[in-house]
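Report on the following structure.
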Amino acid sequence: MTRDVAVLGVGMHPWGKWGRGFVTYGVAAARAALADAGLGWRDVGSIVGADTVRGGYPGYVAGATFARALGWQGARVTSVYAACASGAQAVDTARAQILSGLADVVLVVGADAAPKGFFRPAGGDRPDDPDWLRFRVLGATNPAYFGLYARRRMAVHGDTLDDFAHVKVKNAALGALNPRARYRKAVTAEEVAASAVVADPLRLLDICATSDGGAALVLAGMEFARRHGAADPVRIRAVSTVSPRYPSTVLDLPDIATDSTAAGPAPAVPFRESIARAAYEEAGVGPGDLSLAEVYDLSTALELQWYEDLGLCAEGEAAKLLREGSTSLGGRIPVNTSGGLASFGEAVPAQALAQVCELTWQLRGDAGDRQVAGARVGIAANQGLFGHGSAVVALR
């Protein structure tokens with residue numbers, strides 16, 4: 001039995017700061033995806049919503065919230081939360097429902113109305129919550145974490161501020177070509193260097209913003225897709241949602257301490273690298289088969305780390321890959337052709353879905369001026385808090 005599911009439709013609400021509720025963005029994205037699929041809301045047998053925890057009660061039950069906003073019609077409903085990996089978890093849930101025969105067509109929706117400034121923990125004392133602890137005990141906001149990661153790459157691999165700046169330059173140039181991006185202006189390395197220091201060594205233009213936005217997918221079984229007239233749709237071949245292995249030896253917030261290797265050897269494959277490896281193994285492809293990749297560039301330095309975690313290059317060679325132009329449009333393996341978070345900002349439950357939207361447009365040949373020639377296989381990857389892996393392999 002094939003494990004593929006078809007992507008019949010994709011839709012997005014443009015990213016920005018619109019001053020409206022997350023439901024508005026999610027419904028707009030859902031309707032766009034349904035129109036793209038040539039289906040009506042009543043054709044949907046299940047809806048999976050990626051939760052928007054800051055949205056209060058409606059956000060914690062995003063599946064039912066979006067179903068109600070679209071109009072109750074009896075569909076199966078599911079809500080999931082995995083921080084930045086919420087969208088991939090929602091795709092995984094939808095795919096499982098399709099492959100198990102619970103639904104022929106599943107609508108997946110994620111949307112956010114993010115607060116101004118960096119994210120902060122919810123109120124109250126939660127000493128068993130590592131995310132709360134890293135704010136309250138370490139004072140480590142997200143930008144502080146990004147800065148520490150950048151310093152580690154500089155110390156271990158010799159990355160430079162100029163390398164980080166050129167990630168932003170690349171992504172901003174691609175975002176300028178994307179009508180759904182929030183920031184649609186090319187920048188220079190000099191402009192990155194001249195922007196304010198936020199968390200040394202990272203500047204303002206090295207770090208993604210928080211944004212409003214929404215994204216949605218219409219997924220279906222292959223048999224339904226053929227009956228619907230989609231003979232050669234984009235297919236999701238693999239979804240990886242792996243967790244770390246003991247002992248975890250790399251300091252990666254919100255974890256404050258690492259496990260000791262005194263009782264056992266370190267895992268052969270570190271957590272972030274294992275995310276992509278599991279997806280490759282399930283899909284039956286490898287890094288050399290990829291046409292493009294969408295990665296979670298919360299900061300410029302983190303994008304470089306993903307090059308190595310995805311196996312696009314050897315450890316420590318990410319900056320070299322960037323300088324060679326391999327990850328630019330027209331290069332060997334373009335990364336973040338959408339413009340990435342550098343151009344969109346972070347709309348947490350929607351972002352992994354937005355990555356799959358970009359893969360779909362690219363694999364269809366519908367990406368316009370940012371099109372990767374002959375795109376056949378793509379991967380989207382990010383990492384959610386508390387050990388949520390997130391990678392999706394799509395192909396055509």
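The values are calculated or read from the model by the stated rules, or taken from the named source; none is laboratory data. This structure is a prediction, so every number in the text was calculated from the model and none was measured. Neighbour counts are summed over all protein chains in view; Cβ atoms, including those assigned to glycine, are modelled from backbone coordinates with ideal geometry. The accessibility values were calculated without ligands, DNA or RNA, using every heavy atom of the protein model including side chains. Shrake-Rupley method; radii C 1.70, N 1.55, O 1.52, S 1.80 Å.
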Does VAL5 count as modelled with pLDDT under 95 and under 20 Å from the mean Cα position of the chain (by Cα)?
no
Under the condition of being free of Cβ contacts under 8 Å to residues at least 12 places away in the same chain and of a type in the set (Gly, Ala, Ser), which residue from region 168-214 is most open to solvent (accessible area, probe 1.4 Å)?
ALA194
When the residues of region 376-396 are filtered to those that are of a type outside the set (D, E, K, R) and either at positive phi or assigned to a loop (DSSP other than H, G, I, E, B) (or both), which remaining residue is least open to solvent (accessible area, probe 1.4 Å)?
GLY387
Number of positions in region 332-378 that are among the acidic types (Asp, Glu), out of contact with any Ser or Thr (no Cβ under 7 Å at 6 or more places or on another chain) and in contact (Cβ under 8 Å) with a residue 24 or more places away in the chain
1
Within region 303-337, how many residues turn out to be in contact with a Leu (Cβ under 7 Å, 6 or more places away or on another chain) and within 20 Å of THR210 (Cα to Cα)?
2
